[in-house]
Amino acid sequence: MRKLVYYVGSTIDGFIAGPGGEYDFFPTEGDHAAYLTATLPEAIPTAYRSVLGGDPPNARFDAVVMGRGTYDPARTVGITSPYAHLRQYVVSRSLPPADYPDVEIVSGDPVAFVRDLKSQQGRDIWLCGGGNLAGQLLPEIDELFVKLYPFVAGSGIPLVDRGFDPRRFTLIEARPFDSGAVVLRYAPAGPQPA
């Protein structure tokens, strides 16, 4: 069965963006960037893939699921297909599907949608964000792949926006870089507290 992988950048204090959706303070250069680009080239938006020397094959994912807040920065500058090399699903109850034919708008229950998607043939599925969607999909997340950046934001969009509901994960990789970034990978730790 396919895995749902929440691959996202975060501050030390657990924010994936600032209060207004700012993410431009996350470093895009450094030794961590070369590792991430080589490991998951499909996470580079289509418009920037030329910096990789062409169009590298997808290493792990063939689909991306994102919330409207994650989709909006591209959409507001006229990019309606930010990851054209992947099947793109945008969870939104307000975007009219006819206006965005390059992506599939998911207006129903995201949990049921992801469960169905995971049961289909294909590669793993990238949960791109945001925090609210990750909160809804937390029981379906098979791996957390967090790029932990050496910043404290103080406030913003949390990694997971959900009511108090402790979930244990097991560390499967921790890779520090000279840039100060740390790549952390976690898998669910089995049966969860009731």
Counted residues, region 39-65 - those being out of contact with any helix residue (DSSP H, G or I) (no Cβ under 9 Å at 6 or more places or on another chain) and hydrophobic (A, V, I, L, M, F, W, C): 1
Any hit, region 84-103, residues being part of a helix (DSSP H, G or I), surrounded by 17 or more Cβ atoms within 10 Å (Cβ to Cβ), touching a residue at least 24 places away in the same chain (Cβ under 8 Å) and not hydrophobic (A, V, I, L, M, F, W, C): no
Test: residue in region 141-160 that is out of contact with any Leu (no Cβ under 9 Å at 6 or more places or on another chain) and closer than 14 Å to M66 by Cα: no
Region 15-30 residues that are outside any loop (DSSP other than H, G, I, E, B), paired with ones that are surrounded by fewer than 14 Cβ atoms within 10 Å (Cβ to Cβ) and not acidic (D, E) (beta carbon under 9 Å, 6 or more apart): F15/V152; F15/G154; F15/S155
Subset of region 182-194 that is out of contact with any Leu (no Cβ under 6 Å at 6 or more places or on another chain), touching a residue at least 24 places away in the same chain (Cβ under 8 Å) and within 17 Å of Y6 (Cβ to Cβ) - its residue that is surrounded by the fewest Cβ atoms within 10 Å (Cβ to Cβ): Q192
Subset of region 122-143 (residues that are assigned to a strand (DSSP E or B) and within 9 Å of the chain's Cα centre (by Cα)): W126, L127, C128, G129
Some residue of region 66-82 being in a strand (DSSP E or B) and either over 20 Å from Q136 (Cβ atoms) or out of contact with any helix residue (DSSP H, G or I) (no Cβ under 6 Å at 6 or more places or on another chain) (or both): yes
Single residue of region 58-78 satisfying the filter (hydrophobic (A, V, I, L, M, F, W, C) and modelled with pLDDT under 95) that is nearest to L95 (Cα to Cα): A74
Residue count, region 110-141 (criterion: surrounded by fewer than 12 Cβ atoms within 10 Å (Cβ to Cβ) and acidic (D, E)): 1
Of residues in region 104-119 being assigned to a loop (DSSP other than H, G, I, E, B) and without any contact (Cβ under 8 Å) to a residue 12 or more places away in the chain, the one nearest to L4 (Cα to Cα): D109
Per-region count, region 144-194, residues at pLDDT 95 or above, assigned to a loop (DSSP other than H, G, I, E, B) and acidic (D, E): 2
Among the candidates R68, R60, residue that is farther than 26 Å from S107 by Cβ, of a type in the set (D, E, K, R) and within 15 Å of the chain's Cα centre (by Cα): R60
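The values are calculated or read from the model by the stated rules, or taken from the named source; none is laboratory data. Model, not experiment: these values are computed from the prediction. Every residue, glycine among them, receives a Cβ derived from its backbone with ideal geometry; neighbour counts consider all protein chains shown.
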